[in-house]
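Have a look at the structure below before the remarks.
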């Protein structure tokens, strides 16, 4: 869910279906949802239709897990499922043959043709998202998933045109995003989710994220969703309320592009201050909404805004 500050609490918010795989192998686990087949369009249609009926903008996040793929359900521990040991497992691939950790299988390095196919998969998923009725789309290039592994020197040791220099490491993300933007209606927004920093020496960092964001802005991206981490295990992250907000603030300032702030944003006044002070243009909530799906109603009340409640809940209001 995206919170747009007190100016927009009473208006249309944006609700996003997260981590939707663009291919079967792009799922994190065998039980994840995806939009890699035309039959998935009909299954998704009721979701954006319902959201639009109630005044929200329906969005979908397109993703590919790859080297962090083929795992068990997260509530069962999320351990990697190995080919030959589990009937639903599949071979992970990545920018390079570097495993996420000792528990995960070493991925096979993607070929150039497979990178071309990756772009095609994102384009086809974008077409299906449009057909399903979504009106905003986000390319997931964060959290150690496939596109992030191309960006970071810690996970990308390629020696071809997709590895080495910053220009080369950005190439896969820029190709995918440009293709998605070209397929998506001009009047509807495209977001890109970045891990702005790996929090690890020699890894992806804010300076590189600023350069990538400049390039993303040039190809028509509307907002950078500023997260961080999850590329390598064992790093020390200074987690605390709003700890990633400075990333959104810096990219907004240096690039002149809209940004979204995420992470440990739990209170209405905290979220509103981030937006009203100009640190970011949106606040994206996930775990806060899992803990309390009525968060927007309480936030509106706290911020002195009257919003429409579902008619069945009128007595509670």
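Taken together, 176, 196 contain a single residue that is closer than 24 Å to residue 264 by Cβ and either in contact with a strand residue (DSSP E or B) (Cβ under 9 Å, 6 or more places away or on another chain) or at pLDDT below 95 (or both), which is 196. Checked against the criteria, residue 135 counts as in contact with a helix residue (DSSP H, G or I) (Cβ under 9 Å, 6 or more places away or on another chain) and in contact (Cβ under 8 Å) with a residue 60 or more places away in the chain. When 94, 55 are screened for being touching a residue at least 60 places away in the same chain (Cβ under 8 Å) and over 30 Å from residue 187 (Cβ atoms), only 94 passes. Just so you know, in the stretch 149-169 the residues that are within 17 Å of residue 207 (Cβ to Cβ) and not in a loop (DSSP other than H, G, I, E, B) include one that is nearest to the chain's Cα centre (by Cα), and it is 151.
Here the stretch 145-160 is the region considered, the condition is being touching a residue at least 40 places away in the same chain (Cβ under 8 Å) and surrounded by fewer than 24 Cβ atoms within 10 Å (Cβ to Cβ), and the residue that is nearest to residue 215 (Cα to Cα) is 152. Here the stretch 65-98 is the region considered, the condition is being under 22 Å from the mean Cα position of the chain (by Cα) and in a helix (DSSP H, G or I), and the residue that is nearest to residue 122 (Cα to Cα) is 66.
Here residue 107 meets the list (1) under 17 Å from the mean Cα position of the chain (by Cα); (2) buried (at least 21 other Cβ atoms within 10 Å of the Cβ) almost entirely, failing just condition (1).
Filter the stretch 33-64 for residues that are crowded, with 18+ Cβ neighbours inside 10 Å and assigned to a loop (DSSP other than H, G, I, E, B) and give the result. If the condition is that a residue be crowded, with 18+ Cβ neighbours inside 10 Å and assigned to a loop (DSSP other than H, G, I, E, B), then 35, 36, 56, 64 are the ones that fit.
Residues in the stretch 110-137 that are in contact with a strand residue (DSSP E or B) (Cβ under 7 Å, 6 or more places away or on another chain) and outside any helix (DSSP H, G or I): 110, 133, 134, 135, 136, 137.
The values are calculated or read from the model by the stated rules, or taken from the named source; none is laboratory data. What you see is a predicted model, and the numbers here were worked out from it, not measured in a lab. All Cβ positions, even for glycine, are placed from backbone atoms using ideal geometry, and neighbour counts span all protein chains on display.
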